[in-house]
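Heads up, the thing below is written out as structure tokens.
What follows draws every value from the coordinates through simple rules; no lab data is involved. Keep in mind the model is a prediction, meaning the values are calculated, not measured. Neighbour counts run over all protein chains shown; Cβ positions are idealised from the backbone, glycine included.
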Protein chains: 2
Amino acid sequence: MNKQILLVERPVGLPKDSDWKLNNAEIPELQDGEILVEQDYISLDPAMRGWTKDVRSYIPPVGLGEVMRAGTLGRVVKVNNHPNFKLGDVVTGIGGVQQYSVTNGKGYQKVESVQRPLTEYLGTLGMPGMTAYFGILEVGELKDGEVVVVSGAAGAVGSVVGQIAKIKGCTVVGIAGGKDKCDYVVNELGFDACIDYKNENVNAGLKQHCPKGIDVYFDNVGGEILDAALGRIRMHARIVICGAISQYNSETTVKGPSNYLSLLVNRGTMRGMVVFDYAARYNEARLQMEKWLNEGKMKSKEDVYEGIENFNETLHRLFNGQKNGKLILKVSE
Amino acid sequence: MNKQILLVERPVGLPKDSDWKLNNAEIPELQDGEILVEQDYISLDPAMRGWTKDVRSYIPPVGLGEVMRAGTLGRVVKVNNHPNFKLGDVVTGIGGVQQYSVTNGKGYQKVESVQRPLTEYLGTLGMPGMTAYFGILEVGELKDGEVVVVSGAAGAVGSVVGQIAKIKGCTVVGIAGGKDKCDYVVNELGFDACIDYKNENVNAGLKQHCPKGIDVYFDNVGGEILDAALGRIRMHARIVICGAISQYNSETTVKGPSNYLSLLVNRGTMRGMVVFDYAARYNEARLQMEKWLNEGKMKSKEDVYEGIENFNETLHRLFNGQKNGKLILKVSE
């Protein structure tokens, strides 16, 4: 049997248990050209909150009654005549919140040589890491020696953004919630500073740590922190709009950035990104980051919870911040 | 004597008569290397409202007690040993709201050959035209055949933006206030459509006239119209932040664009601009637009009022929309 989480109601505000249904499905027979993947790990990402909303976006919303969409890592346990995958292959894909997925392989990628702990392939070597890599280097057009600020600094994306910027010789200031996360970001990941937005004034912190202003601000959170960063950009700054976790559960209008006219004053650029656009180049980024991880130039941390039945309460950790690294749910038993 | 308008109080909301003082100053003797310009025309521009504010911006604020900053057009009436200017030269510059300016020539440009009515050199061939030209072509990265939307479409900048886009083979939709302006934009300037934001629903109008979405939105107004455009952009759209006239007299916080996450969904870019950055290329743009005007491919309209003592009430026309083309004040007597 295949335990799976279905979306049965569209969440209003923070998702409730009753928005989901734990379902026991039969595993269907494989058609010609299909594989069966036993999924070990499910990636829990802020973007999932957006996928539950019935709005025009970069990807269609998850339909009511459908398996909730999620990034996954697993092993091929059955093959019916597939040209690219064989038994035992480790694969990542968008397998959804379930224990098994049947697929023709579209959107799945084989992890060619597993050099690092498996969970890293959902974090630094998975979608969050790809987002960070292409977001800061391509969208942010990072130049050596610039001043970089990243929110969600202890998170799966932000922690990689900051570490890449450090490798490129930049001054890096993180913004994170709580002393422990800030200590981690500075002491373990090597950021130059970290502002604890729960206990410090972000405007004052940015003024202190970026006396000459910000060249690149990588935004994962939106809201007042985006405004604070906008108020501190320097000439020709780039703002990467990667996410807005502070706004995802908002039941009212999204808060737009009041300081957006700072873009005019400073000839700044604010640009949105979706990682899927870089799919053809994931391998390039993964090889580079495996190298950095193996050389000890970069660190990855995952926070793994267990049990598909704990999906909703584990998901909440994305929004209340009670997690410690890339949030992952182990669903194999 | 030199009649001039001094800024004596920082306006709160719409500028009041008492924020200004009409002053009669002596015309000073020229130092070596200086010229005296008799100013015929003063350009009244939305940016002036920003220059009265004591905030960090792309240019220092006008000091209290100083002559109000403004773009100007005039003639050189006296020269004390200047290498570049001679008696009778027609010059544009930032001469301020006064009848005469004494200058060493820095920031002044000679109009080499006056091919068009003088007032056009403060409009389509002046700063607003330069803003439009570099804004749509460089910042907006306009490509032939795209769908362009411009707010303030009947204004000095917007009217030029739309006409350039038409020359480039684009579909152009204007947004303006009132039926007369919309008729002008469509019937005289050749835009494909114009939405009257005072009497029509802008969201509905954009949906109707841009069924496939917007490639470039040129924003002069901010506020709800910026949000409506953001809600309608297509993939890889560019939004040029040129101004935000709906917000300049706001006594509360600027309204940030709630729909900014549309930049993420559509991988859009929002970029601010200040025309001064293109000063070295003004001549290129002016020659091109003189050509278009002479060929009848472009039209320019100025709305000229008279009398420096009418400065404040004429300035209000920028904000209440009671003007008909580029707003100019004739100050020579």
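Numbers below:
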| item | result |
| --- | --- |
| Between the stretch A:265-321 and the stretch A:73-129, the Cα center-to-center distance that results, in Å | 17 |
| Cα radius of gyration and Dmax for the stretch B:127-276 (Å) | 13.7, 41 |
| Mean ellipticity per residue at 222 nm, deg cm²/dmol - from DSSP H runs of n ≥ 4 across chain B, formula -39500 (n - 2.57) | -5500 deg cm²/dmol |
| Residue A:144 versus residue A:12: modelled label distance in nm, points set 7 Å from Cα along the beta carbon direction | 5.5 |
| Per-pair calculated FRET efficiency, R0 = 25 Å: residue A:324 and residue A:113 via Cβ, rounded to 0.05 | 0.35 |
| Rounded to the nearest 20 debye, dipole of chain A from Cβ charges on Lys, Arg, Asp, Glu | 880 |
| Top of B:198, B:207, B:110 by mean-square fluctuation, Gaussian network on chain B, Cα under 10 Å | B:198 |
| Packing rank of A:63-72, A:76-85, A:210-219, where each peptide gets the mean count of other beta carbons within 10 Å, highest leading | A:210-219, A:63-72, A:76-85 |
| Cβ-defined net charge surrounding residue A:318, 12 Å radius [Lys, Arg +1; Asp, Glu -1] | +1 |
| Inter-chain shielding of A:46-56 (mean C-beta neighbours from other protein chains, 10 Å cut-off) | 1 |
| DSSP beta bridge pairing in chain B, given as percent antiparallel to the nearest 5 | 55 |
| Dipole of the stretch B:160-246, positive end: most advanced residue of B:221, B:244, B:161 [Cβ charges, Cα centre] | B:161 |
| Whichever lysines have a C-alpha closer than 28 Å to that of residue A:291, once near sequence neighbours (fewer than 8 apart) are set aside | A:86, A:106, A:110, A:143, A:166, A:168, A:181, A:299, A:301, A:323, A:326, A:330 |
| 10 Å Cβ neighbours from other chains, averaged over peptide B:247-257 | 3 |
| Volume in Å³ per residue [convex hull over Cα atoms, computed for the protein assembly as shown] | 170 |
| Normalised convex hull volume, chain B, alpha-carbon set, Å³ per residue | 127 |
| Among B:241, B:136, B:59, residue whose mean-square fluctuation peaks in a GNM of chain B (springs only between Cα atoms under 10 Å) | B:59 |
| Nearest-20 debye value, the stretch A:256-327 charge dipole, Cβ charges on Lys, Arg, Asp, Glu | 440 |
| Dipole magnitude of the stretch A:127-276, debye to nearest 20 (Cβ charges: Lys/Arg +1, Asp/Glu -1, about Cα centre) | 360 |
| Peptides ranked, highest mean first, by Cβ atoms within 10 Å: ranges B:28-34, A:233-239 | A:233-239, B:28-34 |
| Summed residue charge, Cβ within 14 Å of residue A:169's Cβ, Lys/Arg positive, Asp/Glu negative | 0 |
| Peptide-level mean, for B:239-245, of C-beta atoms on other protein chains within 10 Å | 3 |
| Lone cysteines, chain B (no partner Cβ under 4.7 Å) | B:170, B:210, B:242 |
| Most mobile listed residue (A:40, A:227, A:17) in chain A, GNM with C-alpha springs under 10 Å | A:17 |
